[in-house]
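Here is the structure we will look at, set down as structure tokens.
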Amino acid sequence: MNIHEYQAKEVLKGYGVRIQEGIVADTPEAAHEAAVKLNAQTGTSWYVIKAQIHAGGRGKGEIKETGSRGVVLAKKLDDVKEKAAAILGGTLVTIQTGAEGKKVNKILVAEDVYYPGASEPKEYYMSILLDRATGSNVIMASTEGGMDIEEVAEKHPEKIIKEWIDPKVGLQGFQARKVAFKLGLSGTAHKEMVKFITSLYNAYVATDSSQFEINPVLKTSDDKILAVDAKVNLDDNALYRQPKLAELRDLAEEDPLEVEAGKSGLNYVKLDGNVGCMVNGAGLAMATMDMIKLSGGEPANFLDVGGGANATTVEAGFRIILQDPNVKAILINVFGGIVRCDRIANGVVEAYKSIGDIRVPIIVRLQGTNAEEGAKIIDESGLKVFSAITLKEAAERVKAALEA
Amino acid sequence: MSVLVNKNSKVIVQGFTGSEGSFHAQQMIEYGTNVVGGVTPGKGGSTHLERPVFNSVEEAVQNTGADTSIIFVPPAFAADAIMEAADAGIKVIIAITEGIPVADMMKAKPYIKERGCVLIGPNCPGVITPGEAKVGIMPGFVFKSGRIGIVSKSGTLTYEAADQVAKAGLGVSTAIGIGGDPIIGTSTKQAVEMLMNDPETDAIVMIGEIGGNYEAEAAKWIRANGNKKPVVGFIAGQTAPPGRRMGHAGAIIGGADDTAAAKMRIMRENGIHVVESPAEIGATMAKALGVNA
């Protein structure tokens, strides 16, 4: 599960991680008030206004309606309201949102941390994530802060510092010191970085996170180390024991169809294609999507109905797929093991009749227990449904349906 | 011979009296698997499905000589159940449970490694040696006995592969569902290695999906080991977009090496018969073995 920057910073602060302070607002007036408060709290006289959406690239992104960037600087208190108004309620398009963009419902009014002083401010990169190959967490850091880290990894792999954490003992002091030294820090800044890394790792473990990305981490002109941005990704499987974090979920950031599917116990991911599909099992669902592509179509979605597919789940799946106007055909692919194919077939027919007005061809591929009986039920239903038993037949049916 | 499980395996079920555990234990018994008992803490001393129930795995091992365990315990307690099995001396632990927190598996994996046992899963369909033992949730009838080994991250796609293998006139020696989580006990390479060394396996079907580096690692090992047996490979998720989790917790494209295209390329480079379409697994295997399907 993803959370917003303002939520992530609050969580990190709770574990002693120093952050760029800020106050969240949902109206231009509230943004002005936030700036006044922030000035009193931190003494800042410049204000960074940051759109809060679940996607990166906000600084370079643009608000469709107003042309404003997703992250802007107000150098006067009096400018905050106007600049906030140009972002709030607008649609932010970044390299990660796709052309349709995302609506901005909240902004973060943050303090200016790039103030001049004894030394130059400098940006770093830091992330913590699971390294699947070793089954342990790894801290990744780089002196190339504020940049696209994948690009750094490709062009200058030597500039990426990696420190693996033994799950049995957790992060050790020498490891945090080593990373801070490798980042070229000394004196107060080094001590501050060690503190930053240690508290960040503690936060990562305590929150059951699956990824932290802090880009940039800033060394201020007076040698403080703090998080200017924060991306926190939580392990969905651990949310049951993180009730406070689970509350941070923002349904407005998720596709409404995906939310609806989740309520019916279905795993749905919306895609851009023209052939809808409904499958039991995640691997077979992905394989079915691939087969649709090989048959000349494009998958409109990923939809896993899980192990207990029945008439109710099939109907819920149908209703979700049919809400997508791009769908030109639907392929149902169920390998019935414990679930019997004749029961699934009856479920399909019932769901079809209950929904009524289905205008796209439906191909039902049932294999496994009672596959022949299932095909017979489909064929004799008198509905615009085609049966198939092998995967190959199903692919051919999809192709024919698209060409018709 | 086969690998991991056979007719001599003495199997216990952890989470024996729960609904999932009961249902699948019954199915396994009907299949002919030697289920010697089960564990549900607090219900020790009772009988379930005509088999003894124990309070702990240790007690179950002492009383039945069990060497294999299958776990249906809910996700919050599953890592604990895995470690309990390892501590009690179980040699093959098969964890079916889906949804175990990553942090829990991160602790359980080194724990079992130190105790010299094999963990299959979690979030997997289990292991089947057709005609001998089914220690999992797969439909047994799909798996015909034969000499093709199957290694797969996905449940229903494993059944699909087994079905196509049967339709090609071949059968399965052992099918291993390794699971779709980010941290699993046995990697693709380790499972492939078992089948390469099994004298009763002539060829291998290797099914992967987007995310992680397991398939690439296995492919390189297969080449380094001299491509001793034909391997047919498929990677699900050629059409999956980056950054979106496709059902399985582990099925997410993070970097360039995680994509289906990258994995298929590496597999091809290492002498694996890669199929683009999942419908071609059986026919390609028949061709690789020079059998008329």
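Considering only the other residues whose Cβ falls under 11 Å of the Cβ of residue B:165, what net charge follows from Lys and Arg at +1 and Asp and Glu at -1?
Local net charge: +1.
Calculate the FRET efficiency for residue A:396 and residue A:252 from the Cβ-Cβ distance with a Förster distance of 45 Å, rounded to the nearest 0.05.
Efficiency computed from Cβ-Cβ geometry: 0.60.
Looking at the protein assembly as shown only, what percent of DSSP beta bridges run antiparallel? Nearest 5 please.
50
For the peptides B:75-83, A:149-157, B:260-268, what is the packing order when you average, over each peptide's residues, the other Cβ atoms within 10 Å and list the highest mean first?
Output ranking for B:75-83, A:149-157, B:260-268: B:75-83, B:260-268, A:149-157.
Out of all Cα-Cα pairs in the protein assembly as shown, roughly what percent, to the nearest whole number, are more than 49 Å apart?
The answer is 20 percent, as a whole percent.
What net charge do the residues around residue A:259 carry, taking every other residue with its C-beta under 12 Å from that of residue A:259, with Lys and Arg at +1 and Asp and Glu at -1?
With Lys, Arg at +1 and Asp, Glu at -1, the neighbours total -3.
Under 13 Å from a label point 7 Å along Cα→Cβ of residue A:224: give me every residue in region A:10-39 with its amide N that close.
Taking a point 7 Å out along Cα→Cβ of residue A:224, the residues of region A:10-39 whose backbone N falls under 13 Å are A:17-22, A:39.
For the pairs A:353/A:384; B:109/B:134; A:60/A:224, note any where the Cα-Cα span goes beyond 19 Å. Walk me through the numbers before you get to the answer.
Working: A:353/A:384 11 Å; B:109/B:134 24 Å; A:60/A:224 26 Å.
Going by Cα-Cα distance, B:109/B:134; A:60/A:224 fall outside the 19 Å limit.
Give me the angle, in degrees from 0 to 90, between the Cα long axis of helix A:173-182 and the longest principal axis of the Cα atoms of chain A, rounded to the nearest 10.
Once rounded, the angle reads 80 degrees.
Spin-label point model (7 Å from Cα, Cβ direction): what's the residue A:78 to residue A:105 distance in nm?
It works out to 3.4 nm between the two label points.
Order of B:140-149, A:379-388 by packing, highest average Cβ count within 10 Å first?
By packing density, highest mean first, the sequence is B:140-149, A:379-388.
Apply the Karplus curve 6.51 cos²θ - 1.76 cosθ + 1.60, θ = phi - 60°, to the phi angles in region A:354-367 and return the couplings in whole Hz, x for Gly and Pro.
Result, rounded to whole Hz: 5, 7, x, 7, 9, 9, 9, x, 10, 10, 10, 10, 10, 9.
Averaged over peptide B:233-242, how many Cβ atoms belonging to another chain are found within 10 Å of each residue's Cβ?
Average neighbour count from other chains, rounded to a whole number: 6.
Enumerate the calculated ³J(HN,Hα) couplings along region A:23-34 in order (Karplus 6.51 cos²θ - 1.76 cosθ + 1.60, θ = phi - 60°), each rounded to whole Hz, writing x wherever the residue is Gly or Pro.
Working through the residues one at a time gives 10, 7, 8, 10, 9, x, 5, 5, 5, 4, 4, 4 Hz.
Please compute the net charge surrounding residue A:118, taking Lys and Arg as +1 and Asp and Glu as -1 over other residues with Cβ under 15 Å from its Cβ.
Around residue A:118, the surrounding residues sum to -1.
Counting each DSSP H run of 4 or more residues in chain B as -39500 (n - 2.57), what helix-only mean residue ellipticity at 222 nm follows after dividing by all residues, to the nearest 500 deg cm²/dmol? Before the final figure, lay out the partial values.
Values: 9 runs with 98 residues, N = 293.
Taking each H run of at least 4 residues, the total per residue is -10000 deg cm²/dmol.
Please build a GNM for chain A, connecting alpha carbons under 10 Å apart, and tell me which residue among A:175, A:20, A:323 fluctuates the most.
Checking each option, the largest mean-square fluctuation is seen for A:323.
At a Cα cut-off below 18 Å, give the aspartates and glutamates reachable from residue A:182, other chains included and same-chain residues fewer than 8 away excluded.
Within reach: A:123, A:144, A:158, A:163, A:192, A:223.
Only four residue types carry charge here, +1 at the Cβ of Lys and Arg and -1 at the Cβ of Asp and Glu. Report the dipole size of chain B about the Cα centre in Debye, rounded to the nearest 20.
In total the dipole reaches around 560 debye.
Give the relative contact order (percent, whole number) for chain A; include only Cα pairs under 8 Å separated by 6+ residues.
12
Every number here is computed from the coordinates shown, using simple stated rules; none is lab data. Just so you know, these numbers come straight off a predicted model, no measurement behind them. Heads up, the Cβs are rebuilt from the backbone with ideal geometry, glycines too, and the neighbour counts pull from every protein chain shown.
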